């Protein structure tokens, strides 16, 4: 009820007074974190004003159509392939009973444990002259029909089989949690399984499916290793070429800006397609799913259908790599390699720790701020995950280099201290970039567990005379430990697998398993890449299973 | 001890007000109930007093000190207010005694104080249990003990009994308010159940759509409600509109609204205003029977009665002293 005289409460004067009253240090800290995370993108935006490099005109005329065409091709073909594989397997696993169904549930996630560039190496080796297929064919005494996969179609295939689990996971979560009541209602109305799927489930699951698809497309645009190995020119390889071969940062910046525009367009499309959909409370909808059990033949075909993507995306690359690992173990496996692995794990661990801390601070600082807009701004922090690693790397290069130059000059001028670059080209810049890129990976699990803690719990702590920070350590932290733990593991794996950003920003003497595998593959020693690759895969595979457990618990 | 003036809060930047210019005072040692239907702003009001929400306008004074105004906001942890939440909000990872100790960790004789309040609520034997091992009523009492432990100058209970079943509710209500009276703490409790309010509160504040409609002692509110809304909060009322007035042949002041409590209606007995009625439908409700009546002039009326033997044709009536008159 609005009364006469109430309106002046919302006059500018009163609003400003309340803004002054309600601004606290947490609001400022939140803004500071967001600025820190957004700095790479801001730098790219600012750097655009410096104009493009000399070769920009040449690139626009000759290379850009190729970059756009190939990236678009990959986006379209990968979308089709991952939708077919991801949604069908999710539906079959959620709705039907068949032998090994429970094992298939987590096996279908395993392809995510292998970075796409490593899948690319494995498939290239498989179909190469003298490769595994060749050997097998000859062993049977057949003629080897070589399939050339070192092209954009092959690349789309490789990316799809390694990334479809994103769609599988998001659509299965929907089919498990939301769909059952509706499906039962549909059955009661006499609508059959197939028709229910197309008429009811598919439209309802669309937001979940597309959310998974967007993640796939971001990975597709982020990929450098696989495209480079297959010789396909994409935006990301273009950024690398501009940076390393042409040594034209301005051109890399322009390409990065274009890629950012494309990615944000994708995000907007995703938001738009969800505009009319309310998130329903899944809690009240969870019922025991009665899975359909078909004839023995039908069960066999379902098993086969869900097995094929797993074989393609996980077991074939794994066997190929295992074979190579045996052949090259004596060359690769030595003290240096162990040190490198330790270094790689160490970097991943430190990054995971820092990223989780930043994500937790962001979540709780914005919660303790009383300003509504701060809470919306805080969510911008997680957009880093959408931005391709190469772009973030370029965005970090610019400000850190400028800062270092300023610092060197200032120190020299004021104290006559001579120093080298302090941030750029050091681990600090690398960890900073990882943190920007993987903040969302930490943010999401921590946020979702923190939302399960009813607000009245911290509120009652405050009513008992305890401030925000102490409340966090005494009450909230113990209650969100699982979220923090899974965030740590997820970031750890993502850092371990990361390639493009690491290639650009890693200090000269530092190496990671991913970079080592890449270097072997680039130096025509792809067999040697198997052992570092397997290290990554085994480290990543265990928590993939763990992640699935979490999902089921939900 | 608590003075609230012109307190306003909007959650949509002034389009609507959850609270609109609420003012009232509370004396030390009083127990005040805040009553209103859901959405009337009860919970917003107590959250503003507690400091968990920030008002858009108005001031709150506690013990002579301004704790909330446009210029200044004392954070909730510095207000010395105890709050018992509707869902109790016990810390799930702490034992019962740890929950109680939480707010008094800086006091010297904290162990004694914690045991003291646990004894007050009768849960000493369970101090090492975790909240999930307790029943709803026990959790409620722990929440009360925890809020009382730091000796708050004001205790707020937000819908304290709404999560309990009817039997337990009555039992616990008397227990809880016995404890509150014993400690002599000034208390505010929010409820939508007027039984709760009438039975234990010294004073009742009625909220409707974010505004104070009436504030008075319990008995006064029941006898002299100042609006149909207040009257209907405290029991079934029947509004005496023009048609009913003609049916009962009782001309009333046309500038006022009138109502009669269901309990003041009598069936088949002598009174000032009567009319004949045909029983269209009887619905058995257990303690009451609901009658759908058709009056002589064709008007339909629903009443509740304890009378078991109702014939198809009855007379129904009331006395003028029972008519409630409202100015608006």
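Below are the figures for this structure:
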{"item": "Selection status of residue A:486, crowded, with 19+ Cβ neighbours inside 10 Å and within 14 Å of chain B (Cβ to nearest Cβ)", "result": "no"}
{"item": "Hits in the stretch A:458-474 (condition: part of a helix (DSSP H, G or I), farther than 15 Å from residue B:83 by Cβ and within 7 Å of chain B (Cβ to nearest Cβ))", "result": "none"}
{"item": "Count - residues of the stretch B:67-85 that are over 15 Å from residue B:4 (Cβ atoms) and assigned to a strand (DSSP E or B)", "result": "3"}
{"item": "Enumerated helices (runs of 4 or more DSSP H) restricted to the stretch B:103-206, each holding at least 1 residues that are within 14 Å of chain A (Cβ to nearest Cβ) and in contact (Cβ under 8 Å) with a residue 24 or more places away in the chain", "result": "B:110-120, B:136-148"}
{"item": "Options A:161, A:214, A:209; residue that is closer than 24 Å to residue A:260 by Cβ and part of a helix (DSSP H, G or I)", "result": "A:214"}
{"item": "Residue within the stretch B:130-142 that is buried (at least 24 other Cβ atoms within 10 Å of the Cβ) and touching a strand residue (DSSP E or B) at 6+ places or on another chain (Cβ under 7 Å) present", "result": "no"}
{"item": "Members of the stretch B:246-288 found to be free of Cβ contacts under 8 Å to residues at least 12 places away in the same chain and either in contact with a helix residue (DSSP H, G or I) (Cβ under 7 Å, 6 or more places away or on another chain) or part of a helix (DSSP H, G or I) (or both), listed by number", "result": "B:251"}
{"item": "Residues of the stretch A:344-358 classified as in contact (Cβ under 8 Å) with a residue 40 or more places away in the chain and out of contact with any helix residue (DSSP H, G or I) (no Cβ under 9 Å at 6 or more places or on another chain), total", "result": "0"}
{"item": "Residues (more than 25 Å from the chain's Cα centre (by Cα), in contact (Cβ under 8 Å) with a residue 40 or more places away in the chain and facing chain A (nearest Cβ under 8 Å)) located in the stretch B:67-102", "result": "B:91, B:92, B:102"}
{"item": "Some residue of the stretch B:22-39 being within 11 Å of another protein chain (Cβ to nearest Cβ) and either surrounded by 21 or more Cβ atoms within 10 Å (Cβ to Cβ) or at positive phi (or both)", "result": "no"}
{"item": "Residue match in the stretch A:64-84 (condition: within 12 Å of residue A:313 (Cβ to Cβ) and at pLDDT 95 or above)", "result": "yes"}
{"item": "Unmet requirement for residue A:404, which otherwise passes all of (1) crowded, with 18+ Cβ neighbours inside 10 Å; (2) under 29 Å from the mean Cα position of the chain (by Cα); (3) in a helix (DSSP H, G or I)", "result": "(2)"}
{"item": "Every residue from the stretch B:44-66 that is within 13 Å of chain A (Cβ to nearest Cβ) and outside any helix (DSSP H, G or I)", "result": "B:51, B:52, B:53, B:54, B:55, B:56, B:57, B:58, B:59, B:66"}
{"item": "Residue among A:374, A:363, A:398, A:394 that is over 30 Å from residue A:108 (Cβ atoms), surrounded by 20 or more Cβ atoms within 10 Å (Cβ to Cβ), within 14 Å of chain B (Cβ to nearest Cβ) and touching a helix residue (DSSP H, G or I) at 6+ places or on another chain (Cβ under 7 Å)", "result": "A:374"}
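The values are calculated or read from the model by the stated rules, or taken from the named source; none is laboratory data. As the structure is a prediction and not an experimental result, all values here were calculated from the model. All Cβ positions, glycine included, derive from the backbone under ideal geometry; neighbour counts span all protein chains shown.
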